[in-house]
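K.L.:
Following this message is one structure expressed as structure tokens.
The values are calculated or read from the model by the stated rules, or taken from the named source; none is laboratory data. Computed from a predicted model, the values in this text were never measured in an experiment. Cβ: placed from backbone, ideal geometry, glycine included. Neighbour counts: every protein chain shown.
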Amino acid sequence: MSTTAKKFDEKARGEFAQLGTTRVHPGELLRHPVYTRFLHWSVAIFFILSLLSGFAIYSPWLFRWITPLFGGGPRTRALHPWFGLLFDVFFLFQFINWFAPMAWVESDRRWMKRMRQYVTNENPLEAEDVGSFNAGQKLYFWAIAVSWVLFLITGLLMWFDNLTGRWVVAISYVIHDLAALLMLAGFIIHVYEGTAHQPGTFRSMMDGTVTERWALTHHPAWFRAVTGRDSREAYEREKRQEER
Ligand code: HEM
């Protein structure tokens, strides 16, 4: 990533830190600063608005009940591209914000091989090499980035449909809808992972913090990097304390 983008991101983080507060109590770690939380929830809001208005346009027969939320059918149609555009704008900043920690590394290939164990919660402790985000989270991020490009290009082609041929617009409809289905599937899995499947994760996007226990269980390499302590040792110590 360019140094200009990096500098912009650092400046934004600094300025947002003054707008909101993140209290980190003993036994907790800072997971997501104010700027990251602001971007995440802005992306989420405009994604959900795009999804709802998009469904209402895609199948009025099934989703007619949604249109009153946006002031009727024609207004839903008019608002949808704007919701999409705002989703794109906020995700662009989030992309810059998360570009570095989302880089694919060798240990991600190993995580992919263990994915079944992760899904079935077979082992309560993640492998030592799992850093700030696991490979599943990175995949979701990169799937959004690809869909982001597809949504933008096909969305603009459909919005300004007199600029190109009819077949270009027709293909755009198909790609746009397929990208939306991919995103919907990812979104459902994401919400499940961020709440019910991994308790203690949701608060990281609310107050910005996680417990040390959560960090050493789910992201041992990140725990080591931010605390300088051995995650396995810390885990064993916590377990012994619990057994007492
Ligand atoms: C509305 C329900 C949502 C909930 C409850 C939710 C929850 C969360 C939580 C708790 C995290 C932090 C995970 C961690 O620190 O390990 C997170 C991260 C993230 N969220 Fe969401 N989120 C929601 C919607 C969305 C939407 C709509 C998008 C984008 C379309 C999105 C994109 C991301 C990405 C890319 C990450 C980082 C990677 C990951 O953790 O999977 N989220 N979310």
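K.L.:
What are the pairs with Cβ atoms under 8 angstrom where one residue, in region 64-90, is acidic (Asp, Glu) and the other, located anywhere, is within 16 Å of the ligand (Cβ to nearest atom)? Sequence gap at least six, or different chains.
P.N.:
That search, which allows pairs on different chains as well, returns Asp88/Trp148; Asp88/Phe151; Asp88/Leu152.
K.L.:
Which numbered condition trips up Glu106, out of (1) in contact (Cβ under 8 Å) with a residue 12 or more places away in the chain; (2) out of contact with any His (no Cβ under 6 Å at 6 or more places or on another chain); (3) not aromatic (Phe, Trp, Tyr)?
P.N.:
Among (1) in contact (Cβ under 8 Å) with a residue 12 or more places away in the chain; (2) out of contact with any His (no Cβ under 6 Å at 6 or more places or on another chain); (3) not aromatic (Phe, Trp, Tyr), the lone unmet condition for Glu106 is (1).
K.L.:
Sticking with this structure for a sec: Report every pair of residues separated by at least 6 positions or lying on different chains whose Cβ atoms are under 6 Å apart, first residue within region 215-244 and modelled with pLDDT under 85, second part of a helix (DSSP H, G or I) and not basic (Lys, Arg).
P.N.:
That search, which allows pairs on different chains as well, returns Ser231/Leu216; Ser231/Pro220; Ser231/Phe223; Ala234/Leu216; Tyr235/Leu216.
K.L.:
Right, here's the next one. Suppose we filter region 30-57 for residues that are more than 10 Å from the ligand (Cβ to nearest atom) and either in contact with a strand residue (DSSP E or B) (Cβ under 6 Å, 6 or more places away or on another chain) or closer than 15 Å to Thr201 by Cα (or both); how many remain?
P.N.:
2
K.L.:
Now for a different question. Take region 211-244 and flag every residue that is in contact with a strand residue (DSSP E or B) (Cβ under 9 Å, 6 or more places away or on another chain), part of a helix (DSSP H, G or I) and surrounded by fewer than 18 Cβ atoms within 10 Å (Cβ to Cβ).
P.N.:
Correct list: Val226, Thr227.
K.L.:
Which condition number does Ile96 fail, the rest of (1) more than 16 Å from the ligand (Cβ to nearest atom); (2) modelled with pLDDT of 95 or more; (3) of a type in the set (A, V, I, L, M) being met?
P.N.:
Looking at each condition in turn, Ile96 falls short on (1).
K.L.:
Filter region 187-210 for residues that are more than 10 Å from the ligand (Cβ to nearest atom), outside any helix (DSSP H, G or I) and either surrounded by fewer than 16 Cβ atoms within 10 Å (Cβ to Cβ) or without any contact (Cβ under 8 Å) to a residue 12 or more places away in the chain (or both) and give the result.
P.N.:
The answer is Pro199, and nothing else.
K.L.:
Please indicate, with yes or no, whether at least one residue in region 79-88 is assigned to a helix (DSSP H, G or I) and either modelled with pLDDT under 95 or over 20 Å from Trp159 (Cα atoms) (or both). Spell out the reasoning first.
P.N.:
As a first pass, look at region 79-88 and keep what is assigned to a helix (DSSP H, G or I): 79-88.
Next, only the ones that are either modelled with pLDDT under 95 or over 20 Å from Trp159 (Cα atoms) (or both) stay: none.
Among the residues of region 79-88, not one is assigned to a helix (DSSP H, G or I) and either modelled with pLDDT under 95 or over 20 Å from Trp159 (Cα atoms) (or both), which makes the answer no.
K.L.:
Also, I was wondering about something else. From the list Val169, Val174, Val130, which one is more than 9 Å from the ligand (Cβ to nearest atom), aliphatic (A, V, I, L, M), without any contact (Cβ under 8 Å) to a residue 24 or more places away in the chain and surrounded by 14 or more Cβ atoms within 10 Å (Cβ to Cβ)?
P.N.:
Val169
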